1. Out of all the residues in the stretch 146-160, is one or more in the same structural domain as residue 368 (by TED's automatic domain parsing) and closer than 30 Å to residue 422 by Cβ?
2. Which one is surrounded by the fewest Cβ atoms within 10 Å (Cβ to Cβ) among residues in the stretch 45-68 that are in contact with a Phe, Trp or Tyr (Cβ under 7 Å, 6 or more places away or on another chain) and closer than 18 Å to residue 115 by Cα?
3. Identify the single condition in (1) over 30 Å from residue 80 (Cβ atoms); (2) more than 19 Å from the chain's Cα centre (by Cα) that residue 352 does not satisfy, given that it satisfies every other one.
4. Any residue at all in the stretch 216-238 that is in contact with a strand residue (DSSP E or B) (Cβ under 9 Å, 6 or more places away or on another chain), touching a residue at least 24 places away in the same chain (Cβ under 8 Å), of a type in the set (Val, Ile, Thr) and buried (at least 19 other Cβ atoms within 10 Å of the Cβ)?
5. Looking at the structure I just gave you, is residue 189 in contact with a helix residue (DSSP H, G or I) (Cβ under 6 Å, 6 or more places away or on another chain) and outside any helix (DSSP H, G or I)?
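The values are calculated or read from the model by the stated rules, or taken from the named source; none is laboratory data. These figures come from a predicted structure and were not determined experimentally. In this analysis, Cβ positions are derived from the backbone assuming ideal geometry, glycine residues included, and neighbour counts consider all displayed protein chains.
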Amino acid sequence: MSIKAIAKTTAIIIVAVVVIVAAVGTVLYYQMTAKPARDYFRIGVPVEITGPWSREGNMIKRGYEAWRNYINEVIGGLEIDGKKYRIEYVYADLKSDPSIAADAYEKLILTGDIDWIWGPMASSCVLAGGPVADKYGMLQLDGTCESHLIPQRKFKWTFTLQPVTIYNGLANADLLKLIGQKSLTIALIYSDAAYNTGLGEGFQMAINKANNEGWNFQIVYKEVYSDGVTDLSAQITKAKLENPDVFVNFAYFPHGVIMTRNMKELGFNPKMIITNVLGGAPEYRTELGKDANYQCCSVSWVRQVNYLDIKSPLWGDNKKYVEYFENYFGVEGEYSSSGCAAVGEIMQVLLQRFKMKPPLSQADREKLRDALEKETFDTFWGHIKFSNDPIYWHSNEAKMLNVQCIAGKIVVVGPADVEEKNLVYPRPKWEEL
C-alpha cells in the first residue's frame, strides 16, 4: 500500500473514531448533566397533530391530556412526599411523517428538559423513535401503538399498553367462531401502514391456527393497498366477485369510511364485515350513520365495561374515567385515548411509591423501567402487565373483546364469558339497515 493510500485510510479511521466518540460523548453528557431543579414534571409528547393521521393523533393527545388535566385541575397536582407537582407537556408535531420522528425525539430529549416520553399514534413513528429513546436511555410509554414489529425490535426503554397486532388478529378470528359455522370464505384487504399490516398478518396467522384446530376458514381474496389511495372500488369489485361470507378491512379512519361507501355503491353485501376502525373511532359511526350497523371488530377496551375487582389510582373505576373524559372533551371515549390516560395512572403509581421528584435522574428512569418490566398494574382500563416474552416484548397482553355496532352503539358480543348480546349474523343488506 502506498504512503498516500495509508494516509487516506488513517484519515478515514480518525474521522470515524471522532464521530463515534462525539456520539458517545453526547449521550454521556445528556445522562450525566445535572438538570436544574423544578417543581413540575415535564413530559415530551411527539404526536401527529397535523397531516393525514391528525384525527387519530389528536384523539390520543386527548387521552394523555385527560390524565394531565385531571391531576392539575381536579386534585391540584401529583402529590409526592407531601408536596404537589404539576404536569407539563412539550409537544412535537410529527406531521404524520415517520421520517421526521427520530429527529423530533432527539430534539425533545436534548433540548426539551423532559422526564419521559408519551409515545405517538402511528406504530411507524414509534419504530423510528424507539432507537433514539434507547440511545439516550429515555423512558417511553405508549398508550395506543399495536404493531407486532415493535416487540420484534426489543427496545429497552419503550413500553406499549395495547396488545400487539398478532394478538389482536387472533381475537378478530374469534369473531368468525362466534358465527358457529365450521366453513366460511373470507375476503381480506388492508393498508400498507405498519399498524394495519400487522393486523392483516396477525389475522392470517389466526386463520391458520383456527384451521389447525378443525375450522375451515378460507381466504379467497387478499390485497394490500397503499395507505395513500382515495378509493377502494377496485378492491371491493374484486372481492365481490369471490362472493365471500366475510369481508375484512384493516385500515385507518378514512379508508374505513371509503370502504363502506364503496361497498354500498357497488351492492356488495357480505354476511359479515370486520374492520378495526369500528372500535377505534366513534366518529366512524357518526359519519356513516346506519351504514355502520352490524359491522364488527375486536377491541381492547370499551366505555361500558367496568372491572369490579380493580380500583384505579386516579379515577377509581372505568365509569368515572369515562364520565370525566366525555364531559371534558365532549366526545365519546375509545380504546386509544383511554390507553393513553391509563399509562398516566401507571407512572403516577410508580412516582408516588418511589417518591421521585422532578427532574428525574437517569437512575430514576432505570428504576422505573425495571418496575415496568416486573409488575402488574391496576388501572381503570384493566390489569396491565408488560410482557417479557420475545413475541410480545414490553407490550400488554390484555383480554380482547368482540364487538358489533347495533343501532349506532358498540355492544360486546364475545368472548363467551363477557358476552352482552348475541352476534347478529348474517347482517342485513344495505337497503334493509
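1. Checked the stretch 146-160: at least one residue is in the same structural domain as residue 368 (by TED's automatic domain parsing) and closer than 30 Å to residue 422 by Cβ.
2. Restricting to residues being in contact with a Phe, Trp or Tyr (Cβ under 7 Å, 6 or more places away or on another chain) and closer than 18 Å to residue 115 by Cα, the top hit is 68.
3. The one condition residue 352 does not meet is (1).
4. The answer is yes, given that some residue of the stretch 216-238 is in contact with a strand residue (DSSP E or B) (Cβ under 9 Å, 6 or more places away or on another chain), touching a residue at least 24 places away in the same chain (Cβ under 8 Å), of a type in the set (Val, Ile, Thr) and buried (at least 19 other Cβ atoms within 10 Å of the Cβ).
5. Taking the combined requirement at face value, the residue satisfies it.
Matching residues to (1) touching an Asp or Glu at 6+ places or on another chain (Cβ under 6 Å); (2) surrounded by fewer than 20 Cβ atoms within 10 Å (Cβ to Cβ); (3) modelled with pLDDT of 95 or more; (4) not assigned by TED's automatic domain parsing to the domain that holds residue 381:
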site	(1), (2), (3), (4)
253	no, yes, no, yes
256	no, no, yes, yes
261	no, yes, yes, yes
267	no, yes, yes, yes
273	no, no, yes, yes
279	no, no, no, yes
282	yes, yes, no, yes
291	no, yes, yes, yes
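Quick grid of which residues meet (1) under 25 Å from the mean Cα position of the chain (by Cα); (2) part of a helix (DSSP H, G or I):
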{"site": "196", "(1), (2)": "yes, yes"}
{"site": "210", "(1), (2)": "no, yes"}
{"site": "235", "(1), (2)": "no, yes"}
{"site": "247", "(1), (2)": "yes, no"}
{"site": "260", "(1), (2)": "yes, yes"}
{"site": "296", "(1), (2)": "yes, no"}
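Quick grid of which residues meet (1) of a type in the set (D, E, K, R); (2) under 17 Å from residue 158 (Cα atoms):
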{"residue": "353", "(1), (2)": "yes, no"}
{"residue": "365", "(1), (2)": "yes, yes"}
{"residue": "374", "(1), (2)": "yes, yes"}
{"residue": "385", "(1), (2)": "yes, yes"}
{"residue": "390", "(1), (2)": "no, yes"}
{"residue": "396", "(1), (2)": "no, yes"}
